[in-house]
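A.B. asks: Quick one: this structure, given as structure tokens, is what I'll be asking you about.
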Amino acid sequence: MSELSDPPNMDPKEVSEPLRLALGDRYLTYALSTIMHRALPDARDGLKPVHRRILYAMRELRLASDGGFRKSAKISGDVMGNYHPHGDAAIYDAMARLAQDFNVRYPLVDGQGNFGNIDGDNPAASRYTEARMTAVAEAMLDGLTENAVDFRENYDGTLTEPVVLPAQFPNLLANGSSGIAVGMATNIPPHNIAELCDACIHLIKTPDARDDTLLNYVPGPDFPTGGVIVEPPENIASAYRTGKGGFRLRCRWVVEDLGRGLWQIVITEIPYQVQKSKLIEKIADLIQTKKIPILGDVRDESAEDVRMIIEPRSKNVDPDVLMGMLFRNSDLEVRFSLNMNVLIDGLTPKVCSMKEVLRAFLDHRREVLQRRSIHRVEKIDHRLEVLEGFIVAFLNLDRVIDIIRYDDDPKAALMREDWGLDHVRARDEADYVSPAPATEPSLSEVQVDAILNMRLRSLRRLEELELLREQSALMEERAGLEDLLESDALQWNSITDQLRETKKQFGKDWHGGARRTTFAEAGEVEDVPIEAMIDREPITVVCSQMGWIRAMTGHIDLNRELKFKDGDGPRFIFHAETTDRLLAFGSNGRFYTVSASNLPGGRGMGEPLRLIVDLPNEAQIVALFIHQQGRKLLVASSAGDGFVVPEDDVIAQTRSGKQVLNVRGDVSARVCRPVSGDSVATVGENRKVLVFGLDELPEMGRGKGVRLQKYKDGGLSDATTYDSAQGLNWLDPAGRTRTEVDLAEWSGKRASAGRMAPRGFPRDNKFN
């Protein structure tokens, strides 16, 4: 035996191949199955296999839009058993979605019972609900019995199912679709049928029409839940031209006057695919966290229609400002992505423009028209053959009766008989004009069967005249169909007439045909000053030595004795207003921003500032003051380094604050004072004072700074700025204010050592 021959015990049915190739082939098969049979819709009828099978099964159950309902369990069971071998729960979910008028622009299923709601509640179990088709679904199935589309065997080969539905309108765009496959996805918004029909008619008249021209007929999506599209027109045009893009969609709202200057906002339409219950929870969370201070309350008063109430915190709030902040922070404004990835001819995935999708639908409608016309011609030919046999029978009625009455095999005898003029009955020419005899002397099997199955009461003379008129009408119809099949222009004219009829049926006069989504300009949502959000009221801010902060109502006496926790005492106390923003400077060199309106009330001891902002436990509060726009600050560290920073640049947007003065190791931030005047005075822990010009300090946004004063031992104790013409002030040991104008003895260059403080300088080495 050769070394290259197969092992003697190897089963010929077993195939050995590398694992990488085996996994690759099998995963590719799975991916193709997912793409074609689950995720991507067919461009011709806009349906996935499960939806197509649901509609076909309902048609087989004779669940017409004007008929009775059947249990949903029966429908999903038939779909699963006959066409779709997957879980009944998945089938029922797909069917339930087709019945939800808040999810599907033109529902294909008419549901009876609980099929879910816009709050996100699930439908009832299939045994509790009933369903039938809608008129829209019947339009999708129209022509199915006339050989309009191909049929294929079902999964077990016992039945057949349509490969695609005839579809009177472009359902892919009318109802939209979404799905995720392997390596690709699709997301198509719903549109208005009447607008789509107009676009199709224009495309028939002008096959080379530009994509942008179609926007004159289809300006954008038409969502079942309404809303307002605020996407710029150029972005919409680009999305439809490329097949990828998005649409900004907002809720629809009005201001309701409550009298006496009070008002509230009523939201009547929410964005598509936003669950109302979760939306209200999100807005309530914004109120709880005070992210939108001007927002007072939200409640749901919805019944059959959506009615959400938004209450402002104050009647002085601008409604546009409030809604602008809600658009930014909630799902009252969403972005619906467009990814028009569909199966062209049911086989090839492709990202299509709107024109390509409409063209695929029109080509499908033309094929359906041709197939239905050919099918009708075949039916007419069959009927004409039968009518010809009937006419021969009427002309030779006595002979036919004799054969049927006396012959043992009337069928064979009728087919053998020579039906010439010899057997024509004599008639009164005044009453009846006999037609020309049949060109074929013998009858076909089809004609004989029809004659044998004919009722006796059909042997009336009137019936014979009706047959002649029917024959003439069918011949005329057949000639028209032949002309139609031979002329492209007549075919497109017929499709145009069908589209006009569909538009009339499901257009604006239909109960759900009018456009629901409108268009508007978004406008800029600017940062709103805090003054516009909150009622302006006086408060007194109190912060203790241990960092407990509170806001007393009104402007109280700053020398008034206040209560603090044991071992704690006053540190900062000043008058403010609820519209103010407070800046806290920590020894870690970070600035923290606190809204005065968010401070705890003054009934108790307040709350630790560390809980309001993320101030580390090892950091201390160096300064706390009211923010003033345009002002500048002097910041310095214990090492004697510092600089000037614009106060507008230290505003923090988050709880974690904003790093301004860089400090490392044992160095900490020590000074933060507003800048005023033209000179800087510093004093070290060695009680040496140095005075120099303010112009020697740089203005920075962040950094370590430059050296203010030189020290051999210790560091900076305090620093301030002053006007050299008015002099430098401090409190002497007796508590009296002392002003020194002549400070030439302590003046020098920045980073000098300085000289000992003047007589009477405070013992704590602090200015002011």
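A.B. asks: Within the stretch 178-189, how many residues turn out to be out of contact with any helix residue (DSSP H, G or I) (no Cβ under 8 Å at 6 or more places or on another chain) and surrounded by fewer than 20 Cβ atoms within 10 Å (Cβ to Cβ)?
C.D. replies: 2
A.B. asks: Of the residues Asn192, Asn175, Asn147, Asn171, which single one is of a type in the set (S, T, N, Q), in contact (Cβ under 8 Å) with a residue 60 or more places away in the chain and surrounded by fewer than 18 Cβ atoms within 10 Å (Cβ to Cβ)?
C.D. replies: Within the list Asn192, Asn175, Asn147, Asn171, the selection yields Asn147.
A.B. asks: Could you identify the single residue in Val635, Val663, Val650, Val644 that is at pLDDT 90 or above and under 16 Å from Gly684 (Cα atoms)?
C.D. replies: Exactly one of Val635, Val663, Val650, Val644 is at pLDDT 90 or above and under 16 Å from Gly684 (Cα atoms), namely Val635.
A.B. asks: Given the conditions (1) free of Cβ contacts under 8 Å to residues at least 60 places away in the same chain; (2) more than 30 Å from Gln100 (Cβ to Cβ), report the number of the one that Ile280 does not fulfil.
C.D. replies: The one condition Ile280 does not meet is (2).
A.B. asks: Considering only the stretch 620-627, I want to know if a residue exists there that is under 24 Å from Gly727 (Cβ atoms) and in contact with a strand residue (DSSP E or B) (Cβ under 9 Å, 6 or more places away or on another chain).
C.D. replies: yes
A.B. asks: Let me ask something else about it. Specify the residue that is surrounded by the most Cβ atoms within 10 Å (Cβ to Cβ); the eligible residues are those in the stretch 302-325 that are among the hydrophobic types (A, V, I, L, M, F, W, C) and touching a strand residue (DSSP E or B) at 6+ places or on another chain (Cβ under 7 Å).
C.D. replies: Step by step, filter the stretch 302-325, then rank; the result is Leu322.
A.B. asks: I would also like to ask the following. In the stretch 163-273, which strands (runs of 3 or more DSSP E) lie fully inside it and hold 3 or more residues that are among the small types (Gly, Ala, Ser)?
C.D. replies: 177-180
A.B. asks: Report, by residue number, each residue of the stretch 674-697 that is more than 23 Å from Arg759 (Cβ to Cβ) and of a type in the set (D, E, K, R).
C.D. replies: Correct list: Asp678, Asp695, Glu696.
A.B. asks: List every residue pair whose Cβ atoms sit under 6 Å apart, with the two residues 6 or more apart in sequence or on different chains, where the first one lies in the stretch 736-757 and is modelled with pLDDT of 85 or more and the second, anywhere, is polar (S, T, N, Q).
C.D. replies: From residues that are modelled with pLDDT of 85 or more, the pairs are Gly754/Gln709.
A.B. asks: crowded, with 18+ Cβ neighbours inside 10 Å, part of a strand (DSSP E or B) and either modelled with pLDDT of 95 or more or touching a helix residue (DSSP H, G or I) at 6+ places or on another chain (Cβ under 7 Å) (or both), is that true of Leu343?
C.D. replies: For Leu343, the condition - crowded, with 18+ Cβ neighbours inside 10 Å, part of a strand (DSSP E or B) and either modelled with pLDDT of 95 or more or touching a helix residue (DSSP H, G or I) at 6+ places or on another chain (Cβ under 7 Å) (or both) - is met.
A.B. asks: For Ser337, indicate whether it is outside any loop (DSSP other than H, G, I, E, B), of a type outside the set (Phe, Trp, Tyr) and in contact with a Gly (Cβ under 9 Å, 6 or more places away or on another chain).
C.D. replies: yes
A.B. asks: Among the residues of the stretch 3-19, is there at least one that is at pLDDT below 95, in a helix (DSSP H, G or I) and not acidic (Asp, Glu)?
C.D. replies: Looking for residues that are at pLDDT below 95, in a helix (DSSP H, G or I) and not acidic (Asp, Glu), one finds at least one in the stretch 3-19, hence yes.
A.B. asks: Count, please, the residues in the stretch 195-223 that happen to be farther than 13 Å from Arg515 by Cβ, touching a residue at least 40 places away in the same chain (Cβ under 8 Å) and among the acidic types (Asp, Glu).
C.D. replies: 1
A.B. asks: Now for a separate question. Which number in (1) under 15 Å from Leu141 (Cα atoms); (2) surrounded by fewer than 16 Cβ atoms within 10 Å (Cβ to Cβ); (3) not aliphatic (A, V, I, L, M) marks the one condition that Gly68 misses?
C.D. replies: For Gly68, the failing item is (1).
A.B. asks: May I ask you to list the residues in the stretch 733-768 that are farther than 16 Å from Lys688 by Cα and loosely packed, with under 13 Cβ neighbours inside 10 Å?
C.D. replies: Across the stretch 733-768, the qualifying residues are Pro733, Ala734, Gly735, Arg736, Thr737, Thr739, Val741, Asp742, Asn768.
A.B. asks: From Leu708, Leu728, which residue is buried (at least 18 other Cβ atoms within 10 Å of the Cβ), modelled with pLDDT under 90 and in contact with a strand residue (DSSP E or B) (Cβ under 8 Å, 6 or more places away or on another chain)?
C.D. replies: Selected residue: Leu728, the only one of Leu708, Leu728 that is buried (at least 18 other Cβ atoms within 10 Å of the Cβ), modelled with pLDDT under 90 and in contact with a strand residue (DSSP E or B) (Cβ under 8 Å, 6 or more places away or on another chain).
A.B. asks: Looking only at the stretch 283-318, how many residues end up being touching a residue at least 60 places away in the same chain (Cβ under 8 Å) and of a type in the set (D, E, K, R)?
C.D. replies: Qualifying residue count, the stretch 283-318: 3.
A.B. asks: Regarding Gln471, is this residue at pLDDT 80 or above, part of a helix (DSSP H, G or I), touching a helix residue (DSSP H, G or I) at 6+ places or on another chain (Cβ under 6 Å) and of a type outside the set (D, E, K, R)?
C.D. replies: Against the criterion (at pLDDT 80 or above, part of a helix (DSSP H, G or I), touching a helix residue (DSSP H, G or I) at 6+ places or on another chain (Cβ under 6 Å) and of a type outside the set (D, E, K, R)), Gln471 qualifies.
A.B. asks: From (1) among the aliphatic types (A, V, I, L, M); (2) under 19 Å from Phe223 (Cβ atoms); (3) surrounded by fewer than 17 Cβ atoms within 10 Å (Cβ to Cβ), pick out the condition that doesn't hold for Leu338.
C.D. replies: Among (1) among the aliphatic types (A, V, I, L, M); (2) under 19 Å from Phe223 (Cβ atoms); (3) surrounded by fewer than 17 Cβ atoms within 10 Å (Cβ to Cβ), the lone unmet condition for Leu338 is (3).
A.B. asks: Could you check how many residues of the stretch 550-599 are assigned to a loop (DSSP other than H, G, I, E, B) and over 39 Å from the mean Cα position of the chain (by Cα)?
C.D. replies: Count: 19.
A.B. asks: Looking at (1) surrounded by fewer than 19 Cβ atoms within 10 Å (Cβ to Cβ); (2) in a loop (DSSP other than H, G, I, E, B); (3) not β-branched (Val, Ile, Thr), can you tell me which one Leu611 breaks?
C.D. replies: (2)
A.B. asks: Looking at Ala623, is it touching a Lys or Arg at 6+ places or on another chain (Cβ under 8 Å), under 23 Å from Glu577 (Cβ atoms) and part of a strand (DSSP E or B)?
C.D. replies: Taking the combined requirement at face value, the residue satisfies it.
A.B. asks: Shifting gears a bit: Taking the conditions exactly as written (aromatic (Phe, Trp, Tyr) and modelled with pLDDT of 95 or more), does Phe361 satisfy them or not?
C.D. replies: Yes.
A.B. asks: In the list Glu231, Glu256, which residue meets the criterion of being crowded, with 17+ Cβ neighbours inside 10 Å and on the phi < 0 side of the Ramachandran plot?
C.D. replies: It is Glu231.
A.B. asks: Oh, and also: Which one of these is at pLDDT 90 or above and closer than 24 Å to Glu153 by Cα: Asp66, Asp45?
C.D. replies: Only one candidate passes the filter, namely Asp45.
A.B. asks: Can I ask one more? Please tell me if Gly261 is touching a residue at least 12 places away in the same chain (Cβ under 8 Å), touching a Pro at 6+ places or on another chain (Cβ under 6 Å), of a type in the set (Gly, Ala, Ser) and farther than 12 Å from Ile118 by Cβ.
C.D. replies: no
A.B. asks: Quick one: in the stretch 124-162, of everything that is among the basic types (Lys, Arg) and not in a loop (DSSP other than H, G, I, E, B), which residue is modelled with the highest pLDDT?
C.D. replies: In this case the residue turns out to be Arg132.
A.B. asks: Which residues, taken from the stretch 78-97, are out of contact with any helix residue (DSSP H, G or I) (no Cβ under 6 Å at 6 or more places or on another chain) and under 21 Å from Asp110 (Cα atoms)?
C.D. replies: If the condition is that a residue be out of contact with any helix residue (DSSP H, G or I) (no Cβ under 6 Å at 6 or more places or on another chain) and under 21 Å from Asp110 (Cα atoms), then Ala89, Ala90, Asp93, Ala96, Arg97 are the ones that fit.
A.B. asks: All but one of (1) touching a helix residue (DSSP H, G or I) at 6+ places or on another chain (Cβ under 7 Å); (2) farther than 20 Å from Ala522 by Cβ hold for Val321, so report the exception by its number.
C.D. replies: All conditions are met except number (2).
A.B. asks: Hey, another quick one. Residue pairs, Cβ under 9 Å, 6 or more apart or interchain, first in the stretch 106-130 and assigned by TED's automatic domain parsing to the domain that holds Asp93 and at positive phi, second of a type outside the set (Asp, Glu) and not in a loop (DSSP other than H, G, I, E, B). List them.
C.D. replies: Correct list of pairs: Gly113/Ser72; Gly113/Ala131; Gly116/Ala96; Gly116/Arg97; Gly120/Lys276; Gly120/Ser277; Gly120/Lys278.
The values are calculated or read from the model by the stated rules, or taken from the named source; none is laboratory data. On a predicted model such as this, the values are computed, not experimentally measured, just so you know. In this analysis, Cβ positions are derived from the backbone assuming ideal geometry, glycine residues included, and neighbour counts consider all displayed protein chains.
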